[in-house]
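Any read-out appearing in this document is the output of simple, stated calculations on the displayed coordinates, not a laboratory observation. Predicted, not measured: the structure shown is a model, and the values here were computed from it. Here the Cβ positions follow ideal geometry from the backbone for every residue, glycine too, while neighbour counts run over all protein chains shown.
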Amino acid sequence: MDTINVSDYQNISWIENLALEEVNMEESGIIKFNDHLNTQQLLEESSLNFVNKLKDRFDLYVSLFNQYRSNRDTSRSIKIFRIQNTVNDFILFRNSLKLIVARRAPDVISIGFLSSNGGLFSARLANENQSSHAIHEIKAHVGPFNSITWRFQGEMVEIEALVKYYLTEFIKHSSR
């Protein structure tokens, strides 16, 4: 039998979870036949995973940005904080500007800026002259076979593009 190289697969945690559930079922005698049909649970797991991936990517690029600025004024470095009493929401902070990434519901992740004067605004978009006062929402879409994708204004979101866009906006706005 050929050896399976698990690094060839993006997400294999689901099969590990199935195996562990079966072992638990054998030990406890409790059978759960419908968990894989629970959309709310699937959305909860997907949103936690999505925000964790966003935070990891922001951490990487913020660290690089701060390193490239290291021989300059360190007071202008970007800091990342977790939001207390939340599962995995976080804030980027620099020069009294905050970029807030928060799970508002299992199927909605909001991203917006909060300035020191209390103003809440969203990132500028190419097709808008100015940023709007509403924050942006990334919404889950449940497709066939419980395939969950994350979308902004109906379009699928790529984490790399999202992080690059918002971090660039954050750095431009907070440099003032």
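Spin-label model, Asn95 to Thr149: label points 7 Å out along the Cα-to-beta-carbon direction sit 3.7 nm apart.
The count of lysine pairs in the chain whose Cα atoms are under 17 Å apart, excluding pairs fewer than 8 places apart on the same chain, comes to 11. So I have (i) 0.92; (ii) 1.26; (iii) 1.00, and one of them is Cα Rg over 2.2 N^0.38 Å calculated from this model. Which one is it? It is the one labelled (ii). Across the stretch 7-112, the relative contact order, built from alpha-carbon pairs under 8 Å that are at least six residues apart, equals 19 percent. For the peptides 57-67, 43-53, residues were scored by their other Cβ atoms within 10 Å and the scores averaged per peptide; the highest-first order is 43-53, 57-67. Descending by average beta-carbon neighbour count within 10 Å, the peptides 106-115, 134-143 line up as 106-115, 134-143, the highest first. Charges were assigned to the Cβ only: +1 to each Lys and Arg, -1 to each Asp and Glu. The resulting dipole of the stretch 26-84 about its Cα centre is roughly 700 debye.
Each residue, Phe65 and Glu16, gets one label point 7 Å from its Cα in the Cβ direction; the gap between the two is 3.1 nm. With a Förster radius of 41 Å applied to the C-beta separation of Thr86 and His36, the computed FRET efficiency comes to 0.95.
Want the number for His141 to Arg124: 0.36 nm per residue separation, take away the alpha-carbon distance, what's left?
3.7 nm
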